[in-house]
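The values are calculated or read from the model by the stated rules, or taken from the named source; none is laboratory data. Bear in mind that the values here come from a model prediction, so they are computed numbers and not experimental data. No Cβ is skipped: glycine too gets one built from the backbone with ideal geometry, and neighbour counts run over all protein chains shown.
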Amino acid sequence: MKFAFLKKEKQPKEVIVLSDAVYHSYLGEYFLGQTDMITFRDSYNGWGALINPVDSNVNMFLNAYTISNFASTPLTAEGWLSSVLPGKAKVSTYFAAGNQSIAPSPVPKVKIQNASMVSRTPTGGTYTFVRRVEPNETLTKHDFQGMYIIPPGSSFALFFLSPGKEHVQTRVAFGWWEENMIL
């Protein structure tokens with residue numbers, strides 16, 4: 001019996017394609033979390049935001065946000081970048097790293113903050129969009145793939161306009177990743 005040995009041909013290299021969010025989760029750089037309950041009514045407003053501290057040394061890349069409207073009336077949310085937000089901010093403790101297999105679990109440098117019953121509107125920064133959320137529904141916007149890049153000392157905020165006499169409760173959730181700045 002005769003065997004022919006063929007010259008071994010080059011095999012294609014295996015390639016794995018991951019979304020940016022999955023890749024950064026694998027690295028321990030992807031985070032998700034939510035605000036406390038945000039309430040507003042009458043002539044008072046509220047907001048929820050990702051705040052990148054001045055000394056964080058990371059850029060924050062927004063991937064997703066959700067707005068849950070627990071009221072029986074629609075609510076209006078405005079998107080703001082790098083603005084000064086009114087009221088007394090509360091820092092949320094509701095956050096986690098996307099990759100739960102890393103021990104100890106990574107902690108984000110970016111903070112989730114919110115404020116309720118504020119009488120003023122944001123100042124400075126850039127007003128970028130408006131969204132309407134129907135009663136008892138959740139609006140989800142995702143796969144931004146880092147289109148919004150928030151440097152240290154800046155923010156991405158959702159500002160909620162007073163609906164009048166109706167009492168509104170909402171909660172905002174975010175998904176983002178952080179990359180160390182090249183100094």
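Take the conditions (1) part of a loop (DSSP other than H, G, I, E, B); (2) out of contact with any Gly (no Cβ under 6 Å at 6 or more places or on another chain); L139 misses just one of them, which is (1). For the range 73-91, check the following and say yes or no: at least one residue is of a type in the set (F, W, Y) and over 20 Å from the mean Cα position of the chain (by Cα). No; the residues of the range 73-91 include none that is of a type in the set (F, W, Y) and over 20 Å from the mean Cα position of the chain (by Cα).
Out of all the residues in the range 30-51, is one or more closer than 20 Å to P106 by Cα, modelled with pLDDT under 95 and surrounded by 20 or more Cβ atoms within 10 Å (Cβ to Cβ)? There is no residue in the range 30-51 that is closer than 20 Å to P106 by Cα, modelled with pLDDT under 95 and surrounded by 20 or more Cβ atoms within 10 Å (Cβ to Cβ).
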